[in-house]
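So the structure is just underneath, and the comments pick up after that.
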Amino acid sequence: MASEWRKTTLGEFVRLQRGHDLAAVERKPGDYPVMGSAGPNGTHGEFIARGPGVVIGRSGASMGRVHFTLDDYWPHNTCLYVTDFLGNDPRFAFYLLGSLDLASYNSGSAQPSLNRNYIYTKPIQFPPPEEQRAIAETLSALDDRIDNLRQINATLEAIAAALFKSRFVDFDGVPPEGMQESELGLIPNAWRVGTVSNLAEIKGGKQLEKEHFDQQGDNPIFGGAGEMGRTDLSNADGLVITVGRVGAYCGQFFWHLGSAWVNNNASRIVVGDDAGFWLYWVLRHVDIDKIKKGAAQPFVSNGDLAAMHIVIPDDATIQEFNSLACDLHRRMSLLSQQVATLAALRNGLLPRLISGQLRVSQ
């Protein structure tokens, strides 16, 4: 550890204050972010704190999570916010506070709660402001690139969604005389109503034992709410489309290109390459609530999903859209891999830079 790093306590690094009440009926139209326990939570017409700002989740499931904003903002009463950085770099403070296990400083009981006086005594060490800025710039450059790639992915997904809606929901370009009545409403002539089972097979997932969970593994594990971990094992490959089978997220659809493990609280939709992405977007638009069963623990059966009625166009129309969607999703998959690589690099660098084990000059 370099001699110029200061060893002290969190209370000598930043000053914290509890956020301020803001009921929903009190919110005014405006562009100032409301920062709460889980981060941005809508906007307001007034601000209390000047940006850049750092907030820490004070209560609930997000207690101890740290968030950053460049803008002037309203700190909600579900968070603590930094009122004085005491000459330290705000972005560095965000990274340093985020590296601490603040969630373990629960001063509540049934409801997790974070008390500023309780965490003020936590020992920390930090470098002079110039090196703080260098560390923050290094880490934020990675974060900015990750955010940029995610925004590009969101745009590509929005394009795919718009293309599907235009062609298969709004039937743009099809004249009235080119439509026919069906049990699902008006559809283009030569199209038909069928079931999901006409195009795909629904296969249940298989439980993966805990010892095979490995966050360094190459393959995602898909559960009811989407990706739930990593492993080196797989029980699916190619275009992997999954659906949450049971629980609060049952009926949600996810996709992946490559090898994956589909766990037992999810099912896989197995479909040919010439219709895979088209069917994925069809399933995104079905009214899945119609086939959900159970109250306390909702679930979707594979049989009911296979029997759902859908509109099936002619093969040429399906393949035309599927080709466009495939290109978009392959680009999204490549960008997601870049995000994962950059995130791993960032997560590896952060603790070493924050602790002084690795210097930016190195």
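Scanning the stretch 171-206 for residues that are open to solvent by 50 Å² or more (accessible area, probe 1.4 Å), farther than 25 Å from I269 by Cα and either modelled with pLDDT of 95 or more or not hydrophobic (A, V, I, L, M, F, W, C) (or both) gives D172, G173, P175, P176, E177, Q180, E181, L186, N189. Note on the stretch 150-164: among residues that are of a type outside the set (A, V, I, L, M, F, W, C), open to solvent by 30 Å² or more (accessible area, probe 1.4 Å) and touching a residue at least 12 places away in the same chain (Cβ under 8 Å), the one that is farthest from P220 (Cα to Cα) is E157. Residues of the stretch 51-74 that are open to solvent by 20 Å² or more (accessible area, probe 1.4 Å) and more than 22 Å from the chain's Cα centre (by Cα): G51, P52, D71, D72, W74. Anything in the stretch 258-290 that is under 21 Å from Q207 (Cα atoms) and at pLDDT 95 or above? List them, or say none. Of everything in the stretch 258-290, those that are under 21 Å from Q207 (Cα atoms) and at pLDDT 95 or above turn out to be G258, S259, A260, W261, V262, N263, A266, S267, R268, I269, V270.
Within the stretch 302-322, the residues that satisfy the criterion of being open to solvent by less than 30 Å² (accessible area, probe 1.4 Å) and over 16 Å from L163 (Cα atoms) are L305, A306, M308, I310, I312.
The one condition from (1) modelled with pLDDT of 95 or more; (2) over 23 Å from the mean Cα position of the chain (by Cα); (3) among the basic types (K, R) that R331 does not meet is (2). Against the criterion of being among the charged types (D, E, K, R), open to solvent by less than 80 Å² (accessible area, probe 1.4 Å), under 29 Å from L102 (Cβ atoms) and not in a loop (DSSP other than H, G, I, E, B), D147 qualifies. Kindly indicate whether any position in the stretch 205-226 is basic (K, R), outside any helix (DSSP H, G or I) and farther than 17 Å from V243 by Cα. No; the residues of the stretch 205-226 include none that is basic (K, R), outside any helix (DSSP H, G or I) and farther than 17 Å from V243 by Cα. Scanning the stretch 23-39 for residues that are surrounded by 15 or more Cβ atoms within 10 Å (Cβ to Cβ) and not in a loop (DSSP other than H, G, I, E, B) yields Y32, P33, V34, M35, G36, G39. A search for C-beta distances below 9 Å between a residue of the stretch 279-298 that is farther than 28 Å from A162 by Cβ and in contact (Cβ under 8 Å) with a residue 60 or more places away in the chain and any residue that is open to solvent by 60 Å² or more (accessible area, probe 1.4 Å) and β-branched (V, I, T), counting only pairs 6+ apart in sequence or on different chains, returns nothing. From the list T121, T83, the lone residue that is open to solvent by 40 Å² or more (accessible area, probe 1.4 Å) and modelled with pLDDT of 95 or more is T83. Contact annotation: residue pairs with Cβ atoms under 7 Å, 6 or more positions apart or on different chains, pairing a residue in the stretch 304-315 that is within 15 Å of K203 (Cα to Cα) with a partner that is open to solvent by 50 Å² or more (accessible area, probe 1.4 Å) and in a helix (DSSP H, G or I), are A306/S197; A307/S197. Candidates G42, G64, G87: the one that is at positive phi, part of a strand (DSSP E or B) and out of contact with any His (no Cβ under 8 Å at 6 or more places or on another chain) is G42.
In the stretch 232-257, the residues that are under 21 Å from R331 (Cα atoms) reach residues that are buried (at least 18 other Cβ atoms within 10 Å of the Cβ) and basic (K, R) with C-beta atoms within less than 8 angstrom, at least six apart or across chains, in these pairs: A236/R268; V240/R268; I241/R268; T242/R268.
The values are calculated or read from the model by the stated rules, or taken from the named source; none is laboratory data. Please read these numbers as outputs of a predicted model, since none were measured by experiment. With ideal geometry, Cβ positions are generated from the backbone for all residues, glycine too; neighbour counts draw on all protein chains shown. Remember, those area values only see protein heavy atoms, side chains included, never the ligands or the DNA or RNA. Shrake-Rupley method; radii C 1.70, N 1.55, O 1.52, S 1.80 Å.
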